[in-house]
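S.K.: Handing you a structure now.
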């Protein structure tokens, strides 16, 4: 529950960001798994925790600024073909504290293609990081219980389809990484996956961003 709370702001921003661009041709099923530059130091997609916003700009990212502390990009140092967009979060002092990769979106109400994409990414993540907790459930009072309503239930937040790697799941996480969350996301008529890496500095980062936002009051 605590980790989910930490991700709420980033998840909401990711869904908004996903609407800024609409990739057309999804990659094939043989796309490689996300990887890091070292098994001992966290660097998903070539992005290291604590990287400052200025240093990040020196990488000449393609994309545009989003909300306070957030940046939507399309070309991280190591791009994965399953994810055309990436939302990165920075603290003014802590630097990079989270990365959310936003996958291709697939049309259709049943989410079958999304679940297949989910499994294709979950398998290599499990080989690399070990045990995880899978959460696949729907609110018992939801009106969207049938297979053909799977996407709509995800969109409305009444169904959860996610996997989490963390200390609590006995995952083999590299230094600087608190958790990895793979989840299904949806908007009206389509769905996809998102993969979030949360770094150890996320608490300080969120506090700094809140303080920055409060300066406008």
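The values are calculated or read from the model by the stated rules, or taken from the named source; none is laboratory data. Every value quoted in this text rests on a predicted model; they were computed, and no experiment measured them. Ideal geometry is used to build each Cβ from the backbone, glycine not excepted, and the neighbour counts take in all protein chains shown.
Conditions tested, residue by residue: (1) surrounded by fewer than 14 Cβ atoms within 10 Å (Cβ to Cβ); (2) in contact with a helix residue (DSSP H, G or I) (Cβ under 7 Å, 6 or more places away or on another chain).
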{"residue": "54", "(1), (2)": "yes, no"}
{"residue": "72", "(1), (2)": "no, yes"}
{"residue": "81", "(1), (2)": "yes, no"}
{"residue": "122", "(1), (2)": "no, no"}
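S.K.: Here is a follow-up. Out of curiosity, is residue 214 at pLDDT below 95 and closer than 21 Å to residue 89 by Cβ?
M.R.: When the stated conditions are applied, residue 214 passes them.
S.K.: Just name the residue that is farthest from residue 160 (Cα to Cα) out of those in the stretch 122-142 that are touching a strand residue (DSSP E or B) at 6+ places or on another chain (Cβ under 6 Å) and not in a strand (DSSP E or B).
M.R.: Ranking the qualifying residues of the stretch 122-142, first place goes to 129.
S.K.: Look at the stretch 164-217 and say how many of its residues are surrounded by fewer than 20 Cβ atoms within 10 Å (Cβ to Cβ), assigned to a loop (DSSP other than H, G, I, E, B) and without any contact (Cβ under 8 Å) to a residue 60 or more places away in the chain.
M.R.: 6
S.K.: Right, another one. Select from the stretch 81-115 the residues that are under 17 Å from the mean Cα position of the chain (by Cα) and in a helix (DSSP H, G or I) and list them in ascending order.
M.R.: 114, 115
S.K.: On to the next question. Does any residue in the stretch 111-132 that is at positive phi and in contact (Cβ under 8 Å) with a residue 40 or more places away in the chain come within less than 9 Å, Cβ to Cβ, of a residue that is loosely packed, with under 14 Cβ neighbours inside 10 Å and not in a helix (DSSP H, G or I) six or more places away or on a different chain, and which pairs are these?
M.R.: 130/170; 130/172
S.K.: With respect to residue 49, is the statement that it is surrounded by 14 or more Cβ atoms within 10 Å (Cβ to Cβ), modelled with pLDDT under 90 and either in contact with a strand residue (DSSP E or B) (Cβ under 8 Å, 6 or more places away or on another chain) or part of a strand (DSSP E or B) (or both) true?
M.R.: Answer is no for this residue.
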